[in-house]
Amino acid sequence: MADPAGGMVVRWQRWAFSNLGSAFTNFGSLWLILAPLVSLVATYAPRRLFRTYFNLFLRRRARRLLNVVDPYATVDISEPGSDVRYSRYGPVSDTDTTYEEAKAYLSEKACEQEEARALRAEGARDGDGLVVSIRDGQDVADVFRGVSLWWTSVVGTDVQGQRQGRRRFLRLTFHLSRRRLVVDEYLPHVRRCGREILFSNRRRRLYTNSKSRDVYSTYEYKSWSYIDFDHPTTFDTLAMDRAKKKEIIDDLDAFRKNKDFYRRTGKPWKRGYLLYGPPGTGKSTMVAAMANYLDYDIYDVELTVVSTNTDLRKLLIETTSKSIIVIEDIDCSLDLTGDRARQRRRPGQASTSSKADDDKYYADERPRNTVTLSGLLNFIDGLWSACSGERIVVFTTNHVDKLDPALIRRGRMDMHIEMSYCGFEAFQTLAKNYLDIDEHELFGAVEEILKEVKLTPADVAECLMTAKRAGSGEPSPCLEILIDELKKRAEEKERAEAEAKAKAEAEAKAWAEAEAKAAAEANTAEMARGNPL
């Protein structure tokens with residue numbers, strides 16, 4: 001019996017061979033038609049055609065295959081270029097600081113890891129510290145929220161394989177599934193930490209403002225000049241009551257750590273301190289201690305050389321974050337004292353004049369180019385005060401009662417700190433500073449003197465210096481000499497106060513007699529005219 005399957009195969013083969021010739025004949029005819037078109041395409045657009053096809057169809061599939069084989073992504077942070085402009089005051093550039101911040105961050109990581117052995121040290125751009133970074137080709141590992149990441153230092157090359165002036169890159173490698181975590185959280189974290197490291201390595205500065213520029217001047221003007229700030233005072237060496245010092249330190253800590261609180265409550269991240277007290281009680285020293293504790297720069301504003309409110313606002317704009325703005329002896333800098341309405345009134349004008357009359361007179365009589373109370377208030381807590389981040393404003397004065405209440409109200413000067421006369425705890429700090437002693441049997445005698453007489457810490461410190469020189473540095477002789485010096489200083493102070501009181505009484509008596517004499521003469525003159533008073 002014949003195999004039906006085998007017969008079908010035979011018939012198919014016969015059909016295929018019989019039609020093969022006609023198929024070749026038809027293909028040849030079709031090729032004669034398509035050959036010129038294929039030749040034209042191959043001649044004029046081969047690269048574009050293949051590139052388009054690859055980009056549209058093959059690359060996407062190749063990337064998917066690559067993600068399976070190598071599921072890691074990289075981010076390069078480039079070293080800034082060397083195109084820095086210079087002025088007469090130094091380099092001026094708006095270069096991105098991300099590379100420096102990332103390098104400072106990796107400096108800490110490289111020092112922590114034993115595996116990082118091939119390192120490179122460079123001097124900090126602004127300061128005496130060193131920035132330790134990894135050499136080219138070396139790796140540093142990091143972990144952020146349980147995710148492992150790797151940093152590598154590489155040198156960029158152009159398409160010809162030539163070095164691009166040794167421009168380096170910091171290359172971050174991470175798993176593709178962590179892309180959002182890296183971009184949204186990790187890289188901002190790296191920048192913040194890097195900024196803190198660079199900030200701590202810098203040289204702190206003491207700034208002072210220059211005289212306001214004349215509108216006709218043509219030379220390049222710089223609002224602030226500075227020197228390196230290296231004041232040795234700290235809260236440990238500050239002669240002051242311990243409880244008061246702790247209160248100030250706690251307040252500074254609360255200010256520094258509460259950025260989110262200030263933003264949440266809608267307040268600028270700033271705080272005002274009013275330091276008041278007699279001369280020699282340590283107001284300027286307190287400012288130095290605050291700056292050293294917070295690691296802030298100081299901007300010492302001299303209002304007498306500021307011409308207008310606009311110039312004052314420009315000074316504020318050019319201050320940096322993490323700084324203390326100080327206006328010392330503010331009662332002597334401007335006419336900012338007490339009763340504004342009484343001061344504005346014309347001589348002889350009745351006290352019942354309206355506020356509008358007072359304001360009109362004040363506006364007419366005030367010098368045109370001067371800093372006003374309104375301008376200073378806007379400087380402290382106006383719209384412009386919210387610029388440049390965290391900042392502390394400090395006013396010092398010897399006569400707090402002379403200042404306008406609007407200037408020192410709570411909210412502008414948040415904390416009022418009285419710098420008082422030297423108490424026993426303040427003396428203990430001074431004794432530790434000058435004589436390196438904490439306790440002594442003669443301390444009781446010193447305490448009694450300080451209770452009876454008001455002496456400033458500056459007076460006591462000067463007596464300690466005298467006693468140290470005369471007593472050869474030994475505690476007992478020094479304290480004995482100190483007690484004698486304090487008694488002499490107390491007697492001199494009492495004598496000076498008595499003389500000042502007698503002089504004031506004499507001046508008051510002379511003034512009263514002059515007033516009575518003038519009144520009598522005026523009455524006599526009026527009586528002579530027939531109009532007795």
Roughly how many whole Å is it from the C-alpha centroid of region 378-397 to that of region 220-248? 17 Å
State the percentage of accessible surface on region 414-533 attributable to carbon and sulfur atoms; use a 1.4 Å probe and exclude ligands, DNA and RNA. 51 percent
Label-point separation (nm) for Leu383 and Ala406, each offset 7 Å from Cα along Cα-to-Cβ? 1.9 nm
Scalar couplings 3J(HN,Hα) for region 408-420 by Karplus 6.51 cos²θ - 1.76 cosθ + 1.60 (θ = phi - 60°), nearest whole Hz, x for Gly and Pro, are 10, 5, 5, x, 9, 9, 5, 10, 9, 10, 8, 8, 9
Would you mind computing, in nm to one decimal, how far apart the modelled labels at Ser78 and Ala502 are, each placed 7 Å from Cα along Cα→Cβ? 8.3 nm
Compactness index (Cα Rg / 2.2 N^0.38 Å), region 399-533: 1.76
Skipping prolines and chain starts, which residues have an amide H placed within reach, meaning under 5 Å, of the one on Glu390, given they are 5 or more residues away or on another chain? Lys322
List the pairs from Lys245/Lys432; Lys451/Lys503; Lys454/Lys501 whose alpha-carbon separation is above 23 Å, in the order I gave them. Lys451/Lys503
Per residue, how many Å² of accessible area does region 182-305 show with a 1.4 Å probe? 54 Å²
Note down the nm distance, to one decimal, between modelled labels 7 Å out along Cα→Cβ at His416 and at Asp228. 4.1 nm
Grab the eigenvalues of the alpha-carbon gyration tensor for region 214-320, scale each by 5, take roots, and send me the semi-axes largest first in whole angstrom. 30, 20, 13
Kirkwood Rh (inverse of mean 1/r, distinct Cα pairs), region 259-310, angstrom: 14.1 Å
Starting from 0.36 nm per residue, how many nanometres of slack lie between Asp241 and Thr310 once their C-alpha separation is accounted for? 20.8 nm
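The values are calculated or read from the model by the stated rules, or taken from the named source; none is laboratory data. The model shown is predicted, which means the values in this text are computed figures rather than measured ones. With ideal geometry, Cβ positions are generated from the backbone for all residues, glycine too; neighbour counts draw on all protein chains shown. Accessible surface is based on the protein model in full, side chains and every heavy atom, while ligands, DNA and RNA are left aside. Shrake-Rupley method; radii C 1.70, N 1.55, O 1.52, S 1.80 Å.
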